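The structure appears below as C-alpha cells.
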Amino acid sequence: MNEQTDNPDDPKKRILNAAMEQFSMRGFEGTSVRDICVAANVNVAAVNYYFRSKEQLYHEIFHRLFEDFGQPLMAIPAKVHDEESWKAAIDEWIRYMLNIITTDTPPLLWASNLIRHERHNPSSVLPIIMENFFNPGVNGFKRLIRMGLPPGTDDVTIHVWAISAMGAISTFADHIGPWDSFLFPPVMSRQDVLEKIGRHISHSITSQLAYHPEPSKGTA
C-alpha cells in the first residue's frame, strides 16, 4: 500500500492526503469538495485543476491506497512447503486481515474505513477494491483452504470454508462506538484480544482439515 504523502508545499499531495482522511470519515456521498479544500488549505479551483471532479479524486485515492494491496496476501500461499508452514500461513493470513480492519493508524486506517463505507454504500470505485484487494486476497486464502482438503474437493466446499472464516474476521470491521467496547473488553488489551481471536479462527480451520501438498506443476 502506498504511504501517505507528507510534502506540505505540494498542493496536489495536500489534496490527496486530505481526501483520504475526509472520505474515510464520511464516505463518498457524505464528503464535499469544500470539506477537502478546507482540510487541504486549497481552493476549489485546485481540486478541479488536478482531478477534475470529486469522483475522479475518489478514484485516485483508491488507486493509491489499494495499489498492490492484495499482493502480501497472495504471497502467503507460496510460503507453504509442509504441514507446519501451512498452519503458519493460515495464521498469517488471518492476522493480516484482522490487522487491516482493526488498525488505528493511517494509511491502513483510511483504507479500512473506506472498505467499510463501500460495504454499506457501494460506489463506482467498488470494482477497484474487488480487483486489487478482495479478489486477490480471497483467492489466496482459498488456495490455502484447498491445501487442507482432499484433492478434487469441489469449489463450493472450498468457498464455504473460506467465507465462513472471513465472516468471523469481518465481525471486527465495524468497531465503532459501543460496538468497539463490546468487541474489545477492557480486561484485556486490544492486541491480546486480536491475538486470541486470530489463533482461535486459524485453529478452528487447521484442527478440522489436514494438509495435502499441492500437485507439482505439470502434474494432472
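The values are calculated or read from the model by the stated rules, or taken from the named source; none is laboratory data. On a predicted model such as this, the values are computed, not experimentally measured, just so you know. Glycine gets a Cβ as well: all are built from the backbone with ideal geometry, and neighbour counts include every protein chain shown. The accessibility values were calculated without ligands, DNA or RNA, using every heavy atom of the protein model including side chains. Shrake-Rupley method; radii C 1.70, N 1.55, O 1.52, S 1.80 Å.
Please identify the pairs in which a residue from the range 106-128 that is closer than 15 Å to Leu65 by Cα has its Cβ atom under 6 Å from the Cβ atom of a residue that is aromatic (Phe, Trp, Tyr), counting only partners at least 6 apart or on another chain.
Close Cβ pairs satisfying both conditions: Val125/Tyr58; Val125/Phe62; Ile128/Phe62.
Return the residues of the range 180-198 that are open to solvent by 80 Å² or more (accessible area, probe 1.4 Å) and touching a residue at least 40 places away in the same chain (Cβ under 8 Å); say none if nothing qualifies.
Arg190, the sole residue that qualifies.
Are any of the residues in the range 69-77 modelled with pLDDT of 90 or more and not small (Gly, Ala, Ser)?
Quick first cut of the range 69-77, residues modelled with pLDDT of 90 or more only: 75-77.
Now narrow it down to the ones that are not small (Gly, Ala, Ser): 76-77.
The answer is yes, given that some residue of the range 69-77 is modelled with pLDDT of 90 or more and not small (Gly, Ala, Ser).
Take the residues in the range 15-63 that are open to solvent by 70 Å² or more (accessible area, probe 1.4 Å) and within 26 Å of the chain's Cα centre (by Cα), then tell me which one is farthest from Asp174 (Cα to Cα). Full working, then the answer.
Let us first name the residues in the range 15-63 that are open to solvent by 70 Å² or more (accessible area, probe 1.4 Å), namely 21, 25-26, 29, 34, 38, 41, 43-44, 48-50, 52, 55-56, 63.
From what's left, within 26 Å of the chain's Cα centre (by Cα): 21, 25-26, 29, 55-56, 63.
Numbers: Glu21: 17, Met25: 13, Arg26: 14, Glu29: 19, Glu55: 25, Gln56: 27, His63: 23 Å.
The extreme case among them is Gln56.
Under 9 Å by Cβ, and 6 or more places apart or on different chains, what pairs join a residue from the range 38-53 that is at positive phi with one that is among the small types (Gly, Ala, Ser) and open to solvent by less than 80 Å² (accessible area, probe 1.4 Å)?
That search, which allows pairs on different chains as well, returns Asn41/Ala18.
Mind telling me which of the residues Ile201, Ile163 ends up being among the β-branched types (Val, Ile, Thr), without any contact (Cβ under 8 Å) to a residue 24 or more places away in the chain and within 16 Å of Leu98 (Cα to Cα)?
After applying the criteria, what remains is Ile163.
In the range 124-150, which residues are outside any helix (DSSP H, G or I), crowded, with 19+ Cβ neighbours inside 10 Å and of a type in the set (Gly, Ala, Ser)?
Of everything in the range 124-150, just one residue is outside any helix (DSSP H, G or I), crowded, with 19+ Cβ neighbours inside 10 Å and of a type in the set (Gly, Ala, Ser), namely Gly148.
Specify the residue that is farthest from Ser112 (Cα to Cα); the eligible residues are those in the range 151-179 that are open to solvent by less than 40 Å² (accessible area, probe 1.4 Å) and of a type outside the set (A, V, I, L, M, F, W, C).
Among those residues, the one meeting the criterion is Thr153.
Condition check ((1) under 25 Å from His63 (Cα atoms); (2) at pLDDT 95 or above; (3) over 20 Å from the mean Cα position of the chain (by Cα); (4) among the aromatic types (Phe, Trp, Tyr)) across all residues:
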| position | (1), (2), (3), (4) |
| --- | --- |
| Arg143 | no, yes, no, no |
| Gly148 | no, yes, yes, no |
| Gly177 | no, no, yes, no |
| Ser181 | no, no, yes, no |
| Ser189 | no, no, yes, no |
